[in-house]
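Step one of this worksheet: look at the structure below.
The values are calculated or read from the model by the stated rules, or taken from the named source; none is laboratory data. Bear in mind that the values here come from a model prediction, so they are computed numbers and not experimental data. Glycine also receives a Cβ, built like all others from the backbone with ideal geometry; neighbour counts cover every protein chain displayed. With ligands, DNA and RNA removed, areas are computed over all heavy atoms of the protein, side chains included. Shrake-Rupley method; radii C 1.70, N 1.55, O 1.52, S 1.80 Å.
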Amino acid sequence: MSILKVCLLAILSMAVLSSVRTSFARETQTPPPGVVIDKSLDFKHIHVGSPSMEILPDGTYVASHDWFGSAYRNRKVTVVFQSKDKGTTWHKISEFEGQKGSMMFSVGDVLWHIGWCTPGIKGKSTNCIAIRRSDDGGKTWTVPTDEKSGLLLSDKHYFVDPAPVLFYKGRIWKEVEVVGPRDKGPRNWATGFQPMVASAPQDADLLDKANWTFSNPVAWTSRPGLGGWLEGNVLFTPEGNLIIQMRVDDIKRGGKAAQIQVSDDGKTASYDSASGFVSMPGGCKKFVIKFDEVTKKYWSLVDWVHPDDVDAPDKERVRNTLALVCSNDLKNWEIRTIVFRHPSTNIGFQYCDWRVEGDDMVFVCRLAWQGAPNCHDANYLTFHRLKNFRTLTRDNDAVPFE
């Protein structure tokens, strides 16, 4: 055997051994919490984004997410999963191109997906807002090609993430964003997002743009130490007024949100920068807030900055503590319990979308677990159940992972 062949065989053997060692190392890491719905096949280049879930009238759970990362830089792909056994097992039922950042919701037996779309149609923006319909539980979906088939906003550069849909006074309400120019400050990544409200009658054909009402967009008002806003939740206050509660990029404190006022007809949005900020644990990361009729409280799962992490230089990248919080007025919040806690800020329990089922809260999580490049670039989509969530207290705090 020639020296060249011997060298080649040696190199090949080392590569195989390295691959086996890498695989073994991943397999022997601490398993992620919950039920794994999906995972990245390439932790470095492919990441899990935009978790969303819904419970259909027959009890079926449906979950979705998209992919992001360098391997998906020029693609928008959404994947949909189904569980028939209350989240114990999941299987993939569909996948579609051209849309991401989507939130699922159902009206009766009809499932909807509203998100950020690249239609690839001449004369339309490369970043639109679109909605798709499924009549078979998420197995097949309509394709938005024009204003009659789900293409809702296509004249400008738009953006949306899976913030919740609100059902209120017979209408469906959803926050979306126009993308405008950014500030010139040192931290300006979210200063160009201009939130607005899209709404439609609950019983309307939601694929038809003519049935939707859109408010004016609201531009960010520069504030020292704050880097903009995005991913708002449309909510009704205890007084019955409509607002958008916005995530605020607060690098130093991490616990701030902003409230935009919305008119009853959904046509006008306004913001007072002098009085519009409110305190909210984890408000600088995405949250899903919902009103619970049983307790008459607003609930959310948030990335709270734990006291042990207050020295972290960027609070927006502290996502290693998932906390259950509630409020009576959307301004004053109580931390009810810690759901997950990991000492490493490289771990991220984030973007949780949840539903109430009886006394339980069920949710899906975009999880950056061991092997992820950082807390943001998640490698898993997981499912979890918080039993009797309304009764949980700090005495029920989860034991931290090691």
Quiz prompt | For the chain, convex hull of alpha carbons as volume per residue, Å³ | solution = 176 Å³
Practice problem: Whole Å is fine, so just give me how far the alpha carbon centre of the range 273-343 lies from that of the range 184-240. | Solution: 20 Å
Quiz item: Taking the Cα centre of the range 256-347 as the origin, how large is its charge dipole in debye, to the nearest 20, when only Lys and Arg (+1) and Asp and Glu (-1) carry charge on their Cβ atoms?
Solution: 180 debye
Quiz item: What FRET efficiency would be calculated for the residue pair Asn328, Lys252, taking the C-beta separation as r and a Förster radius of 25 Å, to the nearest 0.05?
Solution: 0.40
Quiz item: When the label point is put 7 Å from the Cα of Gln202 along its Cα-to-beta-carbon vector, which residues of the range 274-308 have a backbone N closer than 17 Å?
Solution: 290-294
Exercise. Any chance you could get the radius of gyration and Dmax over the Cα atoms of the range 137-289, in Å?
Key: 15.8, 47
Self-check item: Rough spin-label spacing in nm, given labels placed 7 Å along Cα→Cβ, for Thr145 and Leu41
Solution: 3.0 nm
Quiz item: Under the rule of -39500 (n - 2.57) per DSSP H run of 4 or more residues, summed and divided by the residues of the chain, what mean residue ellipticity at 222 nm is obtained, to the nearest 500 deg cm²/dmol?
Solution: -2000 deg cm²/dmol
Quiz item: One-quarter of the Cα convex hull surface for the range 96-148, in nm²?
Solution: 3.6 nm²
Quiz item: Which value, in debye to the nearest 20, gives the size of the charge dipole of the chain about its Cα centre, when Lys and Arg are +1 and Asp and Glu are -1 at the Cβ?
Solution: 980 debye
Self-check item: Environment charge of Ile37, counting only residues whose C-beta is closer than 14 Å and scoring Lys/Arg +1, Asp/Glu -1
Solution: 0
Practice problem: Please report, in whole Å, how far the alpha carbons of the range 40-143 spread along each principal axis, starting with the longest. | Solution: 40, 34, 16
Quiz item: Could you name the lysines in cross-link range of Lys92, using Cα to Cα under 19 Å and dropping any fewer than eight places away on the same chain?
Solution: Lys39, Lys76, Lys84, Lys100, Lys139
Quiz item: Between Lys184 and Lys387, what is the FRET efficiency for a Förster distance of 41 Å, r being their Cβ-Cβ separation, to the nearest 0.05?
Solution: 0.25
Practice problem: Evaluate the distance, in nm, between pseudo-label points positioned 7 Å from the Cα of Glu95 and of Ile121 along their respective Cα→Cβ axes. | Solution: 2.5 nm
Quiz item: Ignoring ligands, DNA and RNA, what percent of the 1.4 Å accessible area of the chain is carbon and sulfur?
Solution: 53 percent
Quiz item: Could you give the accessible area per residue of the chain, probe 1.4 Å, as a whole number in Å²?
Solution: 43 Å²
Quiz item: Roughly what percent of Cα-Cα pairs across the range 53-113 reach past 16 Å?
Solution: 48 percent
Self-check item: Most positive-pole-ward Cα, Phe193, Asn233, Ile172, against dipole of the range 167-244 from beta carbon charges
Solution: Phe193
Quiz item: Expressed as an acute angle from 0 to 90° and rounded to the nearest 10, what is the orientation of the C-alpha long axis of helix 3-27 relative to the principal long axis of the chain?
Solution: 40 degrees
Quiz item: Taking the range 73-212, how much of its Cα-Cα pair set, in percent, is spaced more than 20 angstrom apart?
Solution: 49 percent
Practice problem: Note the full-extension length gain between Val294 and Phe167 as 0.36 nm times their separation in residues minus their Cα-Cα distance, in nm to one decimal. | Solution: 44.1 nm
Quiz item: Size of the range 272-395 along its principal axes in angstrom, Cα-based, largest extent first?
Solution: 40, 39, 27
Quiz prompt | Distance in nm between pseudo-label sites at Asn216 and Ser275 (7 Å out along the Cβ direction from Cα) | solution = 1.9 nm
